[in-house]
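All remarks here apply to the structure that follows.
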Amino acid sequence: MSVRFEVVVVGAGPAGVSAAHALARAGLEVAIFERGEYPGAKNMFGGVLYGRVLHELIPNFWEVAPVERYVGRRSLTMLSADGSVSLDFRTESFTRPPYNGFTVSRPRFDQWYAQQAVAAGALLVPDTVVDDLLWEDGQVAGVIVRRDRGVVRANVVIVADGANSLLARQAGLRTDPQLRHMGLGVKEVIRLPRQTIEERFNLQGDEGAAKEFVGAFSGGVQAGGFVYTNRESLSVGVVANLASLRERRLGILALLDSFKEHPSVRRLLEGGEVREYAAHLVPEAGLAAVSALYGDGVLVVGDAAGLVCATGLSLEGANYSIASGLAAAEAVRLAKERGDYSRASLAHYERTLRDSFVLRDLHTYRRTPALLANPRLYAAYPKAVCAFLEELFMVDGRPKRRVRSIVGDVLARHEIPIWRLLWDIVRGVGTL
Amino acid sequence: MSMVEERLSLVRYVVDTQSHIRVDFTLCSNCADRPCLLCCPAGCFTCEQGAVRHAYEGCLECGTCRLVCLLGAVTWTNPRGGYGVSYRF
């Protein structure tokens, strides 16, 4: 005798829990296996959850969920060795319900989120690794967990085991990602008093800021830095493309240190106490690296399927995870009605994603990852922009030069041929 | 204390008695660039007297080592349920 559920979900992150929640609500018998001690124990992201999709599942979730701050301010900063140029955006509309994004602490948020699925009737099984899928007659028929008598049968398995998904590979639904398709994110949570954060980032009450950085700190590596404000801490980190990191022979920790030491970043962190350090992979290639999304008796959701959108200004994943989990649940519900869990029946999942923002966004931004691989974005351009402004603003008693001669001089000094700059602009505008 | 050790001291782990990562060190001797040494965010790979060593205890379970090792020397499984890293913040 083996244990049996209608649906087994592997992984209690946003994707898996969303699927389990929707299925439990629809009256299906669903179990979530989580390898961590608790949901969120193994989960990490930069820090911003875009919550509109979640708002549809749990209206006004921010009133009850452990969110840190709503993001009212966003900024993008280019860094030279010691200078910076920022675009700082704030709008009242992001500071009112239903808000736009929230900073969250994943161990806290993911536990809360999983509890909502449990309240809806899902069974949560922590401390349990799923080692393999159970195959019968070419169809996935359950999972093998690393416990005594580890066979758990199910009509359908939802693979939600994250960016490093070993199960999607074993299911033959994806190959190992190419290095250039993966980013490595490292992050520190740095504690600061609430009042200091609000003064330093110019925030009121529960408003938060999301600041993104590119530039000289990365030593030419395709990487970005971020500083997000939590209630009484900051999430500070960098995401570096693995192929670029390997090529440039720079250490990921050296990158993080160099980011934190930049004068424009250091002042934001001053006096803070590092509480935790974390690392995680990010499937940052968008559409190019999305896995097969379904097979006979199996669906892949969230990071495991590579459903992350690189817009060029940020990496968004959790909202795509939630939407994909909900779409998978709907496909499974319909499959149950038909009594058919074959590939053909589960294909509904992919059709839903194609019609929704999930695959549409990834399609819209499909050329962005290649654009972001342009090394000039991480060294020459940020330095050149800072050098241009430095000369423009400098008042030192010498005769001022015309803007166009400053531009020509700055481009020459940074070895940027004008045709290359124009080409990058045309290509960038065309892509975005 | 190196910077990585200081950082890892802040992370909560439930350390298993067995490693979840197996490294075929015979392949490392022929590896010129050894990306594992630089890319592992937990500094689990070190080089002692020319030989690559691996310590699993501080692993953050990101999976980077398996991808950056193009020789395929790294065999990666998930740690046992409930073991390994447990983030708190």
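Since every read-out is calculated from the coordinates, none of them should be taken as a lab result. None of the values given here were measured: they were computed from a predicted structure. Here the Cβ is made from the backbone with ideal geometry for all residues, glycine too, and neighbour counts use every protein chain on show.
Mean per-residue shielding of peptide B:48-58 is 0, counting Cβ atoms of other chains within 10 Å of each Cβ.
Stokes-Einstein diffusion of the range A:313-425 at 25 °C, 0.890 mPa s viscosity, Kirkwood radius from Cα pairs, rounded to a whole number: 132 µm²/s.
Dividing the Cα radius of gyration of the range A:152-289 by its Kirkwood radius returns 1.07 for Rg/Rh. For the protein assembly as shown, the number of Lys pairs separated by eight or more positions or lying on different chains, with C-alpha atoms closer than 28 Å, is 10.
Around the amide H of A:GLU276, modelled in the peptide plane, lie the amide H atoms of A:VAL189, all under 5 Å away and 5 or more residues distant in sequence or on another chain. Shape descriptor for the range A:152-208: Rg over Rh equals 1.28 (Cα atoms; Rh from the Kirkwood inverse mean 1/r). In this label model, A:LEU389 and A:THR364 are separated by 2.8 nm, measuring between points 7 Å along each Cα→Cβ vector. Counting neighbouring Cβ atoms within 10 Å and putting the fewest first, the residues A:TRP62, A:TRP423, A:TRP135 line up as A:TRP423, A:TRP135, A:TRP62. In the range A:1-130, the DSSP beta bridges split such that about 65 percent are antiparallel, to the nearest 5. Against chain A, whose longest principal axis is taken from its Cα atoms, helix A:380-393 shows a tilt of about 40°. For helix A:106-119, what angle does its Cα long axis make with the longest principal axis of chain A, in degrees from 0 to 90 and rounded to 10? Taking Cα atoms only, the helix is inclined about 30 degrees. What the phi angles of the range A:291-307 give under the Karplus curve with 6.51, -1.76 and 1.60, with θ = phi - 60°, is a coupling list of 6, 4, 9, 7, x, 5, x, 8, 10, 10, 10, x, 4, 4, 8, x, 7 Hz, glycine and proline written as x. What the phi angles of the range A:398-403 give under the Karplus curve with 6.51, -1.76 and 1.60, with θ = phi - 60°, is a coupling list of 8, x, 6, 9, 5, 4 Hz, glycine and proline written as x. The sum of -39500 (n - 2.57) across all DSSP H runs of n ≥ 4, divided by the residue count of chain A, sets its helix-only mean residue ellipticity at 222 nm to -10000 deg cm²/dmol.
If you look at the Cα atoms of the range A:1-81, you get an Rg and a Dmax of 17.2, 65 Å. Among A:246-254, A:168-176, sorting by the average number of other beta carbon atoms lying within 10 angstrom of each residue, highest first, gives A:246-254, A:168-176. Each residue in A:LEU334, A:LEU242 was given a count of other beta-carbon atoms within 10 angstrom of its own, and listing them fewest first yields A:LEU334, A:LEU242. Spin-label model, A:ALA412/B:GLN49: points 7 Å from Cα along the beta carbon direction are separated by 5.7 nm. Taking every alpha-carbon pair in the protein assembly as shown and binning the separations at 10 Å intervals from zero gives 4, 18, 29, 26, 15, 5, 2, 0, 0 percent.
Quick one: helix A:418-431 against the long Cα principal axis of chain A, what's the angle to the nearest 10°, folded into 0 to 90? In chain A, helix A:418-431 runs at an angle near 30 degrees to the longest axis.
Once the convex hull of all Cα atoms in the range B:25-89 is built, its volume per residue stands at 92 Å³. Distant-in-sequence amide contacts of A:LEU133, defined by a placed amide H-H separation under 5 Å and a gap of 5 or more residues or a different chain, comprise A:ILE144.
Amide H contacts under 5 Å for A:GLU68: A:THR103, A:VAL104, A:SER105, restricted to partners 5 or more places along the chain or on a different chain, H placed in the peptide plane at 1.01 Å from N.
For the residues of B:7-16, the average number of beta carbons from a partner chain within 10 Å of their own beta carbon is 3. Between A:ALA347 and B:ARG88, the distance separating the two model label sites (each 7 Å from Cα on the Cα→Cβ line) works out to 5.1 nm.
The range B:39-89 and the range A:128-149 have Cα centres lying 25 Å from one another.
Distance from the alpha carbon centroid of the range A:202-216 to that of the range A:277-340 works out to 28 angstrom.
Each peptide among B:64-75, A:144-155, A:101-112 gets the average number of other Cβ atoms lying within 10 Å of its residues, and from highest to lowest they stand as A:101-112, B:64-75, A:144-155. Computed log10 I(q)/I(0) for the range A:308-355 at 0.28, 0.30, 0.32 Å⁻¹: -0.96, -1.03, -1.10, from the Debye equation with unit scatterers placed on every C-alpha and solvent omitted. A straight line joining the Cα centroids of the range A:359-432 and the range B:1-24 runs 41 Å. Dipole check for the protein assembly as shown: with +1 at the C-beta of Lys and Arg, -1 at the C-beta of Asp and Glu, and the Cα centre as origin, the magnitude is about 1080 Debye. Inter-chain Cβ neighbour count for A:29-36, averaged per residue, equals 3 (cutoff 10 Å, partner chain atoms only).
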